[in-house]
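Asks: What follows is a single structure, and I will ask about it in a moment.
The values are calculated or read from the model by the stated rules, or taken from the named source; none is laboratory data. All values derive from a computational prediction rather than experimental measurement. Glycine gets a Cβ as well: all are built from the backbone with ideal geometry, and neighbour counts include every protein chain shown. Just the protein is used for accessible areas: all its heavy atoms, side chains included, with ligands, DNA and RNA removed. Shrake-Rupley method; radii C 1.70, N 1.55, O 1.52, S 1.80 Å.
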Amino acid sequence: MSWIDLQYLLLEQHPTTVAGPEPLTHAELAQQALSFAAGLQSRNIQQIAVHLLDAGDFAIAFLGAWRVGVRVILPADLQEHT
């Protein structure tokens with residue numbers, strides 16, 4: 001396992017995958033996150049609420065929003081153990 005600093009995560013290619021029902025390669029993660037970021041930016045969105053169960057989808061949304069300075073709100077799921 002190798003560490004990737006967040007500021008470089010979407011800029012440099014890494015031979016890693018994101019776990020999930022359909023694992024993503026790093027290139028796929030970066031492409032989808034940057035595409036999501038472009039969509040947020042083109043709509044001038046300032047904040048989003050994110051509640052996703054799939055780790056890949058969560059990473060795409062979170063990293064895409066982070067990339068363009070959109071505030072991410074993580075709502076509570078109202079489960080006692082969390």
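Asks: Check region 64-72 and report whether any residue there is at pLDDT 90 or above and either of a type in the set (Asp, Glu) or in a strand (DSSP E or B) (or both).
Replies: yes
Asks: Any idea which residue in region 44-63 is modelled with the lowest pLDDT, counting only those that are in a loop (DSSP other than H, G, I, E, B) and farther than 24 Å from GLN13 by Cβ?
Replies: That would be LEU53.
Asks: Return yes or no: is GLN41 out of contact with any Leu (no Cβ under 8 Å at 6 or more places or on another chain), in a helix (DSSP H, G or I) and modelled with pLDDT of 95 or more?
Replies: yes
Asks: Scan region 26-68 for residues that are open to solvent by less than 60 Å² (accessible area, probe 1.4 Å) and of a type outside the set (A, V, I, L, M) and report the count.
Replies: 5
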